[in-house]
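The values are calculated or read from the model by the stated rules, or taken from the named source; none is laboratory data. Everything quoted here is computed from the prediction, not taken from an experiment. With ideal geometry, Cβ positions are generated from the backbone for all residues, glycine too; neighbour counts draw on all protein chains shown.
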Amino acid sequence: MPTVNKGKKPMLHNDAAHLPISTGSALLIYGWTMQDFVLTLWAAYVVILIVTKLPDFLRSAARLVGGLQRVWGNFKEWKRGSKN
């Protein structure tokens, strides 16, 4: 006689019951709420946006630093010239 845990329904032996486990959707069905799922999708979206915009940001930052260095160099030259 098979034993059944109290308070739990026994899992029937059919393919439909094992489908969520085999496809990986068991996390969504058995543990995740919709809020967790949406937050995960949002986090993935933000990471993708950051990765796609990172080259533009690095290029802009390099231009900004180069411009600031030129301005600082010009200011130092002007300051030395005004002392003489």
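Numbers at a glance
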quantity: Some residue of the stretch 61-69 being at pLDDT below 80 and assigned to a helix (DSSP H, G or I); calculated: no
quantity: Residue, modelled with the lowest pLDDT, within the stretch 25-60, restricted to residues that are surrounded by 10 or more Cβ atoms within 10 Å (Cβ to Cβ) and aromatic (F, W, Y); calculated: W32
